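Quick notes on the structure that follows.
The values are calculated or read from the model by the stated rules, or taken from the named source; none is laboratory data. Nothing here was measured: the structure is a model prediction, and the numbers come from that model. Glycine gets a Cβ as well: all are built from the backbone with ideal geometry, and neighbour counts include every protein chain shown. Remember, those area values only see protein heavy atoms, side chains included, never the ligands or the DNA or RNA. Shrake-Rupley method; radii C 1.70, N 1.55, O 1.52, S 1.80 Å.
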Amino acid sequence: MTMRAQEAPAGRTAEPAVRLDAVSKTYGYGQDGLLALDHVSLEVGTGEFVCLLGASGCGKSTMLSLIAGLDRATGGSIHLGGRRVAMMFQEPALFPWLTVQRNVELALNGRPRAERRALAAELLKTVHLGGFGAKRPHELSGGMRQRVALARALAQDCDVLLMDEPFGALDAMTRDLLHDELERIWRDRGLTVLFVTHNVREAVRLGDRVVLLSSRPGRVVEIFDVLLDRPRRTDSPEVASLAATVTDRLREEVSRHGDH
Ligand SMILES: Nc1ncnc2c1ncn2[C@@H]1O[C@H](COP(=O)(O)OP(=O)(O)OP(=O)(O)O)[C@@H](O)[C@H]1O
Ligand SMILES: [Mg+2]
């Protein structure tokens, strides 16, 4: 991991996994139109972990849904070079009547049944839920449900994982554990991750870079390189110190708009 942290800036010179060129998004039309994203350009290197940070309503979820192809940009272009994208939402959105195992198998549709079963079981092991396949979502804790959602996202065999505040509702200790697991999976699979969070420390804990967006319209205002060795700890002085710098910049941005 230490190697990777040191090499992170070099990773960006490789072909980007995701490239946004002057991407704009307006919701609605004419006078009622709301400019949610304004000429956002960003390159995410292959294998890079990028965190997106910004005030509520600044367009973070919009950006992910455009990249995932759930919605269309009104300007600019998004380039994925044919890479497969999976998305993980804040709410795990599991089917309550299906077992954990079946919830993951659903994402593997199109493969033979036996293969689906074996793969889903393997993925549940990856997220440390090996013994829980037969449970139903309501029998699990919030953190465990998010791990099932992570297994389901991984089942899509993606190159790029888009995560929209996936751990926002969890307590700090559970979040720490999931950070460790996500970091391991990211490294082992060579994933490219775009991770949205409100939490500055979480962004610094996880990201190779932290991208700060402004509000209304959403624009990239600053990008912070996080050159701290991995694995990092959310409560380490190094993480706290960079997080303080980022928070100051975020505050400046929010007060400039005067609406928070
Ligand atoms: N489907 C939609 N129709 C109309 N307006 C929308 C739609 N989705 C988002 N918006 C508006 O676009 C802006 C950006 O919303 P978005 O959900 O991307 O923000 P966000 O940064 O993810 O906020 P949060 O941190 O609260 O999740 C907001 O002003 C929101 O009201
Ligand atoms: Mg959002």
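Annotation: extensible slack from Asp235 through Tyr29 equals 69.6 nm (criterion: 0.36 nm per residue apart, minus Cα-Cα distance).
Residue separation of Glu252 and Asp71 scaled by 0.36 nm, minus their Cα-Cα distance, works out to 62.1 nm of gained length.
Under a 5 Å amide H cut-off, with hydrogens placed 1.01 Å from N, Leu52 pairs with Phe195, Val196, Thr197, Val211 among residues at least 5 apart or on other chains. Ordered from highest to lowest accessible area with the whole protein assembly present and a 1.4 Å probe, Leu70, Leu129, Leu170 read as Leu70, Leu170, Leu129.
With a Förster radius of 35 Å applied to the beta-carbon distance between Glu139 and His79, the computed FRET efficiency rounds to 0.25.
Remark on Glu222: its backbone amide H falls under 5 Å from those of Leu212, a criterion applied only to residues 5 or more positions apart or on other chains, H modelled at 1.01 Å from N.
Using heavy atoms of the protein chains and a probe of 1.4 Å, the accessible area assigned to Thr247 is about 40 Å². Label-to-label distance, Phe95 versus Glu122, with points set 7 angstrom from Cα along the beta-carbon direction: 2.3 nm.
Comparing Gln90, Gln101, Gln31 in a Gaussian network model of the chain, where Cα atoms under 10 Å apart are tied by springs, the biggest mean-square fluctuation is seen for Gln31. In order along segment 195-204, phi translates into HN-Hα couplings of 10, 8, 8, 8, 9, 5, 5, 4, 4, 6 Hz, rounded to whole numbers, per the Karplus curve 6.51 cos²θ - 1.76 cosθ + 1.60 with θ = phi - 60° and x for Gly and Pro.
If each DSSP helix of 4+ residues adds -39,500 (n - 2.57) and the sum is divided by the residues in the chain, what number results at 222 nm, nearest 500 deg cm²/dmol? Value at 222 nm, helices only, nearest 500: -12000 deg cm²/dmol.
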